[in-house]
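Written out below as structure tokens is the structure these notes cover.
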There are 4 protein chains.
Amino acid sequence: MKDNETRLLEIKERVLAFARERDWEQFHSPKNLSMAIAAESGELLEHFLWMESADSRKIANDPEKIAKIREELADIVIYAIEFANMTDTDLAETIEKKMSHNAAKYPVDKARGRSDKYTEL
Amino acid sequence: MKDNETRLLEIKERVLAFARERDWEQFHSPKNLSMAIAAESGELLEHFLWMESADSRKIANDPEKIAKIREELADIVIYAIEFANMTDTDLAETIEKKMSHNAAKYPVDKARGRSDKYTEL
Amino acid sequence: MKDNETRLLEIKERVLAFARERDWEQFHSPKNLSMAIAAESGELLEHFLWMESADSRKIANDPEKIAKIREELADIVIYAIEFANMTDTDLAETIEKKMSHNAAKYPVDKARGRSDKYTEL
Amino acid sequence: MKDNETRLLEIKERVLAFARERDWEQFHSPKNLSMAIAAESGELLEHFLWMESADSRKIANDPEKIAKIREELADIVIYAIEFANMTDTDLAETIEKKMSHNAAKYPVDKARGRSDKYTEL
């Protein structure tokens, strides 16, 4: 699979099939999946704890580290997709809606180059 | 956008364009994005803190709650996708690789119906 | 050390001495420590991902598991205490203030037996 | 309460009394508390997302921000203490044990000035 050819639905179906084959849907309540997403996010964090922000931009140059980091990222997204499966969520639609929402909260002219929260723009 | 028609690359490009228009790539180091993913995961968790696991399965029946929960999920995935953008990660490829890896760690016959870690199967 | 004899200041001083001996204060910015706290919280979560809430109440009966879980808890508190060190925070005072605040938001008569957020009481 | 006069047991007892008065122990399973700790850690993270590590060291100079940050820290520690309550954990003892453990993994002569994981020292 590659990003330029893979529709979200294909990944959702693969992730769902993986869980079903193992009879794991019984464990995949939204509550439990929210914990799994957070636990995997914690593992991603760990790679960057003591690293300077600027240095983290060069992480893709270290093949061994980036491979591990990509695995953590995949874990997060796999659980997020399974969360979408278990809550009848169309992820693309939800993302599109959230991005319009964000665009309204952060209009380009006000938000450009600023990291402030929208309430402080 | 809908899951059955949207390729991951399209979402990556939209997310990247959103950040570029606002000159936000300067804030989007992998370190900072790993924090953003974890912070949004924490917000998703909050919806389920005191809820029974079984009750969380019915969350999609509450239109107001599920709308908020889907927003949190979208935030997580948007930041995960921006993380992929900033680390030259092909997400579909990474997910496929991770799932083969998981399939080897959790063979169907051993893992069926069990939530144990692969080291304890 | 035991809870009935140990003042918070003693732990703060030990934790600070540990970092100073290793010249680690250079890494212990509040930003980095907030990440460390979250990463350790993720490790604590992992122990409970697929466990029923009711079953988690019996965890102290499993000597091996509870020992690991207590280590994760210690990690969280150690980093939280170092965060207090690095931000000149009197933790006991802060906790007392937060608890009065919480008592006002969750008056006993309204909050008894309910897990709702204060905004919904 | 102040750090130089407050024993951990006092805080544990206050936190427990707070929950008991509200009949909240029914919600405070270790599983649920692990989620609450992680959710509060996420809120602490949020304050530092886009901030440079060096700038975060000056956060105590901003009275409004540091007050909010201390509240988040208090939330984390309060839930960690309640977790100790609900799992019969002597927190001071656990912290002491974990620090000896850490001292063995990170001997001063090897670890000084280095942020590497003990497996890489």
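Things to note:
- So A:Lys12, is it of a type in the set (D, E, K, R), away from chain C (no Cβ under 14 Å) and buried (at least 19 other Cβ atoms within 10 Å of the Cβ): yes
- With respect to the conditions (1) in the same structural domain as C:Thr119 (by TED's automatic domain parsing); (2) farther than 24 Å from D:Arg22 by Cβ, C:Val15 falls short on a single one, namely (1).
- For the range B:72-121, the set of residues classified as surrounded by fewer than 17 Cβ atoms within 10 Å (Cβ to Cβ), farther than 26 Å from A:Pro63 by Cβ and touching a helix residue (DSSP H, G or I) at 6+ places or on another chain (Cβ under 7 Å) consists of B:Val108, B:Leu121, listed by residue number.
- Restricting B:Ala54, B:Ala67, B:Ala60 to residues that are at pLDDT below 95 and closer than 30 Å to C:Met51 by Cα narrows the list to B:Ala60.
- Considering residues of the range D:15-54 that are touching a residue at least 24 places away in the same chain (Cβ under 8 Å) and more than 14 Å from chain B (Cβ to nearest Cβ) only, the residue farthest from C:Glu10 (Cα to Cα): D:Leu16
- Count of the range C:74-102 residues which are farther than 15 Å from D:Ile76 by Cα, facing another protein chain (nearest Cβ under 7 Å) and among the hydroxyl-bearing types (Ser, Thr, Tyr): 1
- Residue match in the range D:48-58 (condition: out of contact with any Ser or Thr (no Cβ under 6 Å at 6 or more places or on another chain) and of a type in the set (Lys, Arg)): yes
- Residue identified as in contact (Cβ under 8 Å) with a residue 60 or more places away in the chain and of a type in the set (Gly, Ala, Ser) among A:Ala74, A:Ala104, A:Ala92: A:Ala92
- Which listed residue is more than 7 Å from every other protein chain (Cβ to nearest Cβ) and within 17 Å of the chain's Cα centre (by Cα), from D:Lys117, D:Lys105, D:Lys68, D:Lys58: D:Lys68
The values are calculated or read from the model by the stated rules, or taken from the named source; none is laboratory data. The shown structure was predicted, so the numbers you read here are calculated from the model rather than taken from an experiment. Quick reminder, even Gly has a Cβ in these numbers, built from the backbone with ideal geometry, and neighbours come from all protein chains shown.
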